[in-house]
Structure formats: C-alpha cells, structure tokens
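The values are calculated or read from the model by the stated rules, or taken from the named source; none is laboratory data. Because the structure is predicted, anything quoted here is derived from the model rather than measured. Neighbour counts are summed over all protein chains in view; Cβ atoms, including those assigned to glycine, are modelled from backbone coordinates with ideal geometry.
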Amino acid sequence: MMNTKKREEPRVDMYSLIGGWGDAPMPLCVGHEVIGRAIKVGKDVKTVKVGDRVGVGAQIRACLDCGNCKADQENYCPNGKFFLCMEKCS
C-alpha cells in the first residue's frame, strides 16, 4: 500500500487529453504512473519496506507476434495481459 501527496501527469497523458493523437474519447481517465511512499507491505515482500519511495507503473505483456505488435503497437495487443508493477525508487 502506498501514500501519494502529489500527483503529476506524465507528458503522454497530457498529450492524450489535448488530442495530440487525434480525438480522444471523453470522459477519459489518464494516469498510469504514480510515485509515493510505502505505508504498508505484505509479509512476503523483501525489496520494499515501510517509508521507502516507490513507484507504480502500468505494464502490458504483449505477445509480439500479432499484427499490432509487429507494427510497433504493443499497447494494442489483443493477446496482451495488463498488470501493475510496484518497485522501489532510488
């Protein structure tokens, strides 16, 4: 579990909001990267302790074989798996 005091939008999210890649469907929920402090960790967590600065990022495990992947559009992979990753930030 983490606590965030300040949230900043990555530039790619702001670009999406202003229509940098074309019309964006509204309402649109952006935000895929967060930085904060760990306030609680599970008993099996070995790499993060309470008080550590941590970051959470959205990742997509793409197949790398479909048409979207071969066109360098892995984020649109129909076979991809979406998951969140939390790591200690130095």
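Taking only the stretch 34-63 into account, find how many residues are outside any strand (DSSP E or B) and either of a type in the set (Val, Ile, Thr) or surrounded by 12 or more Cβ atoms within 10 Å (Cβ to Cβ) (or both).
The qualifying residues number 9.
Assess whether Val48 counts as being closer than 26 Å to Lys81 by Cβ and modelled with pLDDT of 80 or more.
Yes; evaluated as a whole, the condition is true for this residue.
Are any of the residues in the stretch 73-88 modelled with pLDDT under 75, among the charged types (D, E, K, R) and more than 14 Å from the chain's Cα centre (by Cα)?
Looking through the stretch 73-88, at least one residue is modelled with pLDDT under 75, among the charged types (D, E, K, R) and more than 14 Å from the chain's Cα centre (by Cα).
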